[in-house]
Protein chains: 2
Amino acid sequence: MALATLVHPTGYHVASWLHPQAQADASTSIEYYQRVAQTAERGLFDLFFIADTPAARTSNLTAFSRMPLFMNVFEPVTLLSALSGATRHIGLGGTASTSFSEPYNIARQFASLDHLSHGRAAWNVVTSANDFAAKNFGLDRLPAHGDRYARAREFVQVVRQLWDSWEDDAFIRDRAQGLFFDPAKQHAVAHEGAHFRVNGALNIARPPQGRPVIIQAGASDTGRELAAETAEVVFASESTIEDGIGFYRDLKGRMPRHGRDPDQLKVLAGLPVLVAASRQEAEDMHAELQALIHPDVGRSRLAMDLEADLSGLDLDQPIPEERIPKSANFHQAYFNHIVQMIRVEKLTLRQLYLRYERGNKTIRGTAREVADQMQAWFEAGACDGFMLMFNLLPRDMEAFVDLVVPELQRRGLMRSLYEGRTLRENLGLIRPPHPRAAG
Amino acid sequence: MALATLVHPTGYHVASWLHPQAQADASTSIEYYQRVAQTAERGLFDLFFIADTPAARTSNLTAFSRMPLFMNVFEPVTLLSALSGATRHIGLGGTASTSFSEPYNIARQFASLDHLSHGRAAWNVVTSANDFAAKNFGLDRLPAHGDRYARAREFVQVVRQLWDSWEDDAFIRDRAQGLFFDPAKQHAVAHEGAHFRVNGALNIARPPQGRPVIIQAGASDTGRELAAETAEVVFASESTIEDGIGFYRDLKGRMPRHGRDPDQLKVLAGLPVLVAASRQEAEDMHAELQALIHPDVGRSRLAMDLEADLSGLDLDQPIPEERIPKSANFHQAYFNHIVQMIRVEKLTLRQLYLRYERGNKTIRGTAREVADQMQAWFEAGACDGFMLMFNLLPRDMEAFVDLVVPELQRRGLMRSLYEGRTLRENLGLIRPPHPRAAG
């Protein structure tokens with residue numbers, strides 16, 4: 001099974017930075033990130049992944065000053081480039097928005113990262129973050145969902161063409177003939193689309209992986225369709241095995257219509273996980289972090305993902321129906337999850353934010369219990385692997401590597417060493433042949 | 001005196017890749033760049049610098065296939081980020097165009113590089129490369145010189161404001177109070193200009209240097225004015241001490257009008273240099289590379305910088321006057337230099353391209369001879385230091401570090417160790433105080 005890990009500086013838990021074991025300045029410490037990436041590599045993970053949004057919040061700062069969330073972080077491409085020298089095997093994936101950058105720049109930076117890392121780059125294609133991001137790039141608000149996805153689709157098409165600007169063996173460096181490259185093996189892009197006009201060739205050789213791995217996480221119908229067409233890794237966020245199977249089948253079922261082999265897309269189920277020597281110890285560690293959540297933080301986090309104003313509400317009452325928006329603009333899956341907890345489970349605001357921090361599928365327990373759950377998901381066909389999220393770093397990742405990885409290896413579910421030379425090889429993804437190459 | 005080095009993969013000489021001592025795949029080998037950067041650091045250089053253009057040529061490929069020039073190179077920000085972990089002291093400077101990117105992305109990536117490198121980032125502000133770049137970004141051709149500079153000026157203003165999004169001590173990480181930052185110390189940018197609208201805050205703490213160092217190289221009047229207003233390092237390209245003094249005085253003389261202390265801008269004279277045990281050996285090494293230049297390459301290089309069509313001309317005749325354009329669109333200094341060689345020196349096409357490859361001020365000789373020249377420029381007030389360019393890497397840089405650096409140290413012209421912790425400190429540039437900080 002494939003393993004990725006989503007790395008937030010001090011951990012996935014919103015209160016992790018308050019924990020005595022957290023490194024307070026983690027978010028801008030490269031030495032810290034090196035240690036975490038090396039731990040993930042010790043655990044033979046396929047992918048070290050950095051989420052992103054190109055904005056800091058500038059309103060409601062009193063509440064947000066209690067949470068580090070993306071207010072002070074390394075930019076992903078620079079961070080992953082720096083980490084390429086501190087690791088040798090693990091994939092390096094980062095988010096970059098198609099709404100606020102140019103295809104040539106993104107194609108070039110990820111191609112360069114792929115060369116720097118000898119074939120370990122992955123790009124998580126996102127269409128947006130929030131209105132704060134839009135305002136940093138000349139807009140008043142985020143374009144509509146459909147428009148963002150139309151632009152994203154064209155963006156990815158152009159980026160893939162740019163990665164194919166040169167055939168794999170274009171740079172012959174033939175000193176006898178004095179030829180650095182074979183002119184016949186440049187294939188300039190000539191793209192004239194609704195969102196982009198790009199006429200030229202990338203100024204870097206075809207990446208070691210042919211193309212860096214494309215990641216997506218969109219859960220909407222439009223997002224799934226784009227993923228079925230272009231993604232090679234998808235982060236899923238379903239809470240139950242049944243929902244996971246449904247998502248998995250739906251997504252892979254869409255692929256043949258795009259002429260793709262369903263095996264060439266790996267669905268990684270998001271897995272917040274906390275392992276300890278005993279179940280009770282894991283529960284205690286979880287409770288310790290939950291107790292550190294300030295009510296203002298819980299309320300704001302929920303308001304952000306529900307895209308609602310929750311100010312002034314009693315913490316020990318349910319959220320009134322009139323405060324719930326009709327639909328989500330930013331992240332449909334988060335929204336649906338919260339609305340379900342409000343309507344079906346009738347939770348109070350406090351219960352809701354405490355529950356929401358981890359969701360129903362949080363796995364807390366011993367290595368055997370955690371491995372059991374992972375095995376159940378994997379063997380039921382709910383995923384091809386997991387996107388691991390750790391509450392507190394590096395503590396919880398170290399425990400997972402020391403306790404769960406050996407258990408998965410014993411069960412034959414995980415490698416005992418990196419077999420592949422590139423991220424694609426480790427994930428079992430083919431290296432895309434160049435479209436012009438004889439086949 | 002300050003020392004920077006402009007690093008082209010196998011060297012500054014257009015035929016360097018053909019030399020038996022060159023590493024053919026240097027341009028996409030991070031291990032190679034690490035070795036070169038570490039050599040520069042052994043030489044106590046202030047700055048390791050990467051030039052750039054966001055385009056590969058897509059026409060006249062038969063001629064261009066004989067020269068590696070920017071056809072297959074790492075993207076600068078990713079390369080410098082990777083090098084930050086392989087070096088400890090040397091500054092890391094890279095080119096990024098204001099014509100083809102967004103201020104938020106550039107501000108963010110260079111701020112991130114500054115954090116990754118603990119205060120060693122520098123940004124070379126350029127307005128353009130060529131029409132090939134324009135076509136990669138939705139345009140048919142490069143905007144006019146004045147328009148590019150107007151955009152560049154506004155771009156730099158916005159980037160500097162974004163770097164000041166947070167006061168230096170904004171991120172207090174106060175666990176007792178549960179406050180990650182002090183909300184009063186965020187100062188969001190509210191910029192509405194002719195070219196950009198940016199309303200928001202950068203999502204990374206103020207860089208270790210306050211602001212990464214700003215480099216420029218524009219030689220035109222508009223370029224000098226922008227440099228006088230915003231640059232902290234300027235690469236100069238004058239060929240004689242007299243011209244160097246003229247440029248130096250002109251540039252520094254413009255600074256007080258912008259309220260700036262002339263000492264806060266370092267003029268680095270471009271210095272192609274080749275040192276050897278004897279003068280004759282240096283001349284032989286030079287001749288060896290010159291002999292490797294293919295006539296098609298010489299002609300194309302010249303045509304590119306003269307912005308002229310030189311096809312069909314006899315190599316052993318002067319360039320006819322009617323082939324010379326009235327003015328330059330891309331790089332005025334190169335253009336002027338070539339035109340002068342045509343009109344004043346009456347060189348043939350072949351003589352011209354052989355001469356142009358190094359120019360009149362190439363320094364070839366022993367360590368003492370090279371140091372004499374550098375000392376003469378420096379003490380005459382023609383520069384604050386040098387931008388070293390080496391014909392063949394790493395050979396010529398190693399010779400400079402082993403032979404010239406000790407000579408300069410003996411003369412008291414160079415440090416014997418890095419005294420500063422940041423690039424600014426090593427260059428003698430102040431750390432800009434935050435505009436809102438009490439002062």
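Read the figures in this text as sums done on the coordinates, not as results from a lab. These numbers were taken from a predicted model, which means no experiment stands behind them. With ideal geometry, Cβ positions are generated from the backbone for all residues, glycine too; neighbour counts draw on all protein chains shown.
Kindly put A:29, A:278, A:97 in sequence by how many other C-beta atoms sit within 10 Å of each C-beta, fewest to most. Can you show the working numbers first?
Values: A:29 16, A:278 11, A:97 23.
The fewest-first ordering by Cβ neighbours comes to A:278, A:29, A:97.
At most 13 other Cβ atoms within 10 Å and a DSSP loop assignment: could you name the GluC sites (Glu not before Pro) in segment B:309-410 that fit? Numbers along the way, then the final one.
Working: sites: B:321, B:322, B:345, B:357, B:369, B:379, B:398, B:407; in loops: B:345, B:357.
Here the sparse-neighbourhood loop sites are B:345.
In the protein assembly as shown, with Lys and Arg counted as +1 and Asp and Glu as -1 at Cβ, which of these residues, B:109, A:152, B:397, has the Cα nearest the positive end of the dipole, that is, farthest along it?
A:152
Name the residues whose placed amide hydrogens come within less than 5 Å of the amide hydrogen of residue A:236, ignoring near sequence neighbours (fewer than 5 apart) on the same chain.
HN-HN under 5 Å from residue A:236: A:268, A:269, A:270.
Taking the Cβ-Cβ separation of residue B:62 and residue A:375 as r and a Förster radius of 45 Å, what is the calculated FRET efficiency to the nearest 0.05? If you can, show how the numbers build up before the last one.
Numbers: r = 59 Å, r/R0 = 1.31.
Result of the calculation: an efficiency of 0.15.
For chain B, give me the percentage of DSSP beta bridges that are antiparallel, rounded to the nearest 5 percent. Walk me through the numbers on the way to the answer.
Values: 7 of 43 bridges.
Antiparallel bridges make up about 15 percent of those DSSP assigns within chain B.
For segment A:425-431, take each phi angle, set θ = phi - 60°, evaluate the Karplus expression 6.51 cos²θ - 1.76 cosθ + 1.60, and give the result in whole Hz per residue in order, putting x for glycine and proline.
5, 5, 7, x, 9, 5, 7
Give me the inter-chain shielding for A:184-193: mean count of other chain Cβ atoms within 10 Å, whole number please. Let's see the in-between values first.
Values: counts 2, 2, 7, 1, 8, 3, 2, 1, 1, 0.
The per-residue average across the peptide is 3.
Rounded, prolate or oblate: which one fits segment B:262-408, using the alpha carbon gyration tensor with axes a ≥ b ≥ c (rounded when a/c is under 1.5, else prolate when a/b beats b/c, else oblate)? Kindly include the intermediate steps, with their values, before the conclusion.
Numbers: a/c = 2.52, a/b = 1.52, b/c = 1.66.
In terms of gyration-tensor shape, oblate.
What dipole magnitude, in Debye to the nearest 20, does the protein assembly as shown give about its Cα centre under +1 on Lys/Arg Cβ and -1 on Asp/Glu Cβ? Mind showing how you got there, number by number?
On the way: 94 positive and 106 negative charges, 31 e Å.
Computed charge dipole of the protein assembly as shown: roughly 140 debye.
Helix A:332-343 versus the longest principal axis of chain A: what is the Cα-based angle in degrees, 0 to 90, to the nearest 10?
Orientation of helix A:332-343: about 20 degrees from the principal axis.
Taking the label point 7 Å from Cα in the Cβ direction, how far apart in nm is residue B:350 from each other copy of itself, listed shortest first?
Relative to the other copies, residue B:350 has label-point distances of 9.1 nm.
Enter the angle in degrees (range 0 to 90, nearest 10) between the Cα long axis of helix B:279-290 and the first principal axis of the Cα atoms of chain B, meaning the one along which they spread out most.
Once rounded, one gets 90 degrees.
List the lysines whose alpha-carbon lies under 25 Å from that of residue A:326, not counting same-chain residues fewer than 8 positions away?
A:135, A:346
For segment B:1-106, run through the trypsin sites (Lys or Arg not before Pro) and keep only the ones in DSSP coil with at most 15 other Cβ atoms within 10 Å of their Cβ.
Details: sites: B:35, B:42, B:57, B:66, B:88; in loops: B:57, B:66, B:88.
In loop regions of segment B:1-106 (DSSP not H, G, I, E or B), the sparsely surrounded trypsin sites (Lys or Arg not before Pro) are B:88.
What is the average number of partner chain Cβ atoms found within 10 Å of a Cβ in A:162-168?
Values: counts 1, 0, 0, 2, 3, 0, 0.
Mean shielding by partner chains, rounded to a whole number: 1.
Where the centre of each part is set by its Cα atoms, how far does segment B:397-439 sit from segment A:259-286, in angstrom?
Rounded to whole Å, the Cα centres lie 49 Å apart.
Taking the label point 7 Å from Cα in the Cβ direction, how far apart in nm is residue A:312 from each other copy of itself, listed shortest first?
8.0
For the protein assembly as shown, what does the helix formula give at 222 nm: sum of -39500 (n - 2.57) over DSSP H segments with n ≥ 4, over the residue count, nearest 500 deg cm²/dmol?
Details: 32 runs with 324 residues, N = 878.
One gets -11000 deg cm²/dmol as the mean residue ellipticity at 222 nm.
Apply the a/c threshold of 1.5 to the C-alpha gyration tensor of the protein assembly as shown and tell me whether it is rounded, prolate or oblate. Intermediate results must be reported in sequence, preceding the final value.
On the way: a/c = 1.96, a/b = 1.68, b/c = 1.17.
Verdict is prolate for the protein assembly as shown.
If you line up the long axis of helix B:103-116 against the longest principal axis of chain B, both from Cα atoms, how many degrees apart are they, to the nearest 10?
Here the helix axis deviates by roughly 90 degrees.
Report the one residue of A:22, A:65, A:8 whose Cα lies farthest in the direction of the positive end of the charge dipole of the protein assembly as shown (charges on C-beta: Lys and Arg +1, Asp and Glu -1; origin at the Cα centre).
A:65
Label position 7 Å from Cα toward Cβ: report the copy-to-copy distances for residue B:327 in nm, one decimal, ordered from shortest.
5.4
5 Å is the cut-off here: which amide hydrogens, built 1.01 Å from N in the peptide plane, fall below it relative to residue B:3, excluding neighbours closer than 5 in sequence?
Placed amide hydrogens put B:46, B:47, B:386 under 5 Å from residue B:3.
Using alpha carbons only, how many angstrom separate the centre of segment B:134-211 from the centre of segment A:199-232?
With segment B:134-211 and segment A:199-232 each reduced to a Cα centre, they are spaced 29 Å.
For residue B:92, enumerate residues with amide H under 5 Å from its amide H, sequence gap 5+ or separate chain, H modeled in the peptide plane.
Counting only residues 5 or more places away or on other chains, the set is B:48, B:121, B:122.
Calculate one ³J(HN,Hα) per residue across segment B:40-51 by plugging θ = phi - 60° into the Karplus curve 6.51 cos²θ - 1.76 cosθ + 1.60, and present them in order as whole Hz with x for glycine and proline.
4, 6, 4, x, 6, 5, 6, 9, 9, 10, 10, 7
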